[in-house]
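Asks: I have a structure here, written as C-alpha cells, and I will follow up with some questions on it.
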Amino acid sequence: MIKKIYLTRHGETDYNKQGIVQGSGIDSDLNGKGRAQAAAFYETYGSWPFDKLYVSGLKRTHQSMEGFINDGLPYEVLTDLNEISWGSREGLPVDQEGTAYYLQMIERWQKGETNLAIDGGESPDQVAARMRNALSYILDRTDEHHVLICMHGRAMRVMLAVMLNYPLKCMDLFEHSNLCLYQLAYTGTSFQLEKYNDTNHLKGRVG
C-alpha cells in the first residue's frame, strides 16, 4: 500500500520575523502570526485521515501542531527531525557579517561541499544522516499510511533531497515557508512529489 507523507514547516517565531538565526539550539515559541498560521493549517487539514504525527524536539513544531495533538492524533517526538545546528551563529541577528558568512556557506554547499560544517555546528551531510534515520524509522511503521511531519526549513530541504534522491547540493531547489505543505507518496521503492510548498490553506486566513 502507498504511504502518504505530509511535510510542513513550523509557524513563524519572533526570531524568524526579526531575522535572528535559530537553528537547533534556539527553542523559541511561535508568535501571534505563527499561531494564526497553525490555526489555518489545522482548519484545512484537521479532518484529514492522518494515522500519526511526528514532530521535532523543539517546541515550535509542537505548538504548530497543537490542534492535532489536542484532538488526540497519536504523535511522537523524533529529535532527528531537529533543525540544522547553526553553531556559533545561533541567536545572532543576521547583520552584514552574518549574511556574508551565511551566503558563503550556502554557495559552497551548492558547489558540492556538503561535508562543510558551520562553525560549531553541523554540515548538510550530518543533517542528512539524521534525516535518513528519521525516515527509516517512519517508513518501518507499516501500519501508518498517512503521516504528518512538522519540522524546520533547512532540515526540510535536506529531508526532501534525501527522499527524492537529489544530491544535497541541490537542496535549495526545495523552497519553503512557514506552515507550507509538501505531499509525497511512497510506493515502497521511491517517493513521488504531489504537492510543492503549497500555502493555499493560508490564503485569506493569515495577514
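Asks: In the list Tyr6, Tyr102, which residue meets the criterion of being under 18 Å from Leu148 (Cα atoms), of a type in the set (Phe, Trp, Tyr) and in contact with a Phe, Trp or Tyr (Cβ under 9 Å, 6 or more places away or on another chain)?
Replies: Working: Tyr102 fails: under 18 Å from Leu148 (Cα atoms).
Within the list Tyr6, Tyr102, the selection yields Tyr6.
Asks: OK, next. Going through the range 166-182 one residue at a time, which ones are open to solvent by 60 Å² or more (accessible area, probe 1.4 Å) and more than 15 Å from Val127 (Cα to Cα)?
Replies: Answer for the range 166-182, where residues must be open to solvent by 60 Å² or more (accessible area, probe 1.4 Å) and more than 15 Å from Val127 (Cα to Cα): Leu173, Glu175.
Asks: Looking at Gly11, is it under 25 Å from Pro124 (Cβ atoms), out of contact with any strand residue (DSSP E or B) (no Cβ under 7 Å at 6 or more places or on another chain) and in a loop (DSSP other than H, G, I, E, B)?
Replies: No.
Asks: I need the full set of residues from the range 188-207 which are assigned to a helix (DSSP H, G or I) and open to solvent by 40 Å² or more (accessible area, probe 1.4 Å), in order please.
Replies: Asn200
Asks: Would it be correct to say that Ser123 is surrounded by fewer than 17 Cβ atoms within 10 Å (Cβ to Cβ) and among the small types (Gly, Ala, Ser)?
Replies: In short, no.
Asks: State all residues of the range 40-62 that are buried (at least 19 other Cβ atoms within 10 Å of the Cβ) and more than 14 Å from the chain's Cα centre (by Cα); if no residue qualifies, say none.
Replies: Ala40, Phe41, Tyr42, Phe50 - these are the residues of the range 40-62 that are buried (at least 19 other Cβ atoms within 10 Å of the Cβ) and more than 14 Å from the chain's Cα centre (by Cα).
Asks: In the range 117-142, what count of residues is obtained for those that are under 20 Å from Phe174 (Cα atoms) and not in a helix (DSSP H, G or I)?
Replies: Within the range 117-142, the subset under 20 Å from Phe174 (Cα atoms) is 122-132, 134-135.
Those still in the list that are not in a helix (DSSP H, G or I) too: 122-123.
The qualifying residues number 2.
Asks: Name the pairs: first residue in the range 171-197 and touching a residue at least 60 places away in the same chain (Cβ under 8 Å), second residue crowded, with 20+ Cβ neighbours inside 10 Å and part of a loop (DSSP other than H, G, I, E, B), Cβ to Cβ under 7 Å, at least 6 apart or on different chains?
Replies: Taking only residues 6 or more apart or on different chains, the pairs are Asn178/His10; Asn178/Gly11; Asn178/Glu12; Leu179/Gly11.
Asks: Within the range 107-120, take every residue that is open to solvent by less than 20 Å² (accessible area, probe 1.4 Å) and of a type outside the set (S, T, N, Q) and give me the one that is farthest from Met159 (Cα to Cα).
Replies: Ile118
Asks: Can you tell me which residue is nearest to Ser88 (Cα to Cα) among those in the range 143-164 that are in a strand (DSSP E or B) and open to solvent by less than 20 Å² (accessible area, probe 1.4 Å)?
Replies: Going through the qualifying residues, I end up with Met151.
Asks: With respect to Ala185, determine if the residue is surrounded by fewer than 15 Cβ atoms within 10 Å (Cβ to Cβ) and assigned to a strand (DSSP E or B).
Replies: yes
Asks: I want to confirm something. Restricting to the range 3-39 and keeping residues that are over 21 Å from Glu76 (Cα atoms) and acidic (Asp, Glu), which single residue is most open to solvent (accessible area, probe 1.4 Å)?
Replies: Result: Asp14.
The values are calculated or read from the model by the stated rules, or taken from the named source; none is laboratory data. As the structure is a computational prediction, the values presented were derived from the model and not from experiment. No Cβ is skipped: glycine too gets one built from the backbone with ideal geometry, and neighbour counts run over all protein chains shown. These accessible areas exclude ligands, DNA and RNA; they are computed on the full protein's heavy atoms, side chains included. Shrake-Rupley method; radii C 1.70, N 1.55, O 1.52, S 1.80 Å.
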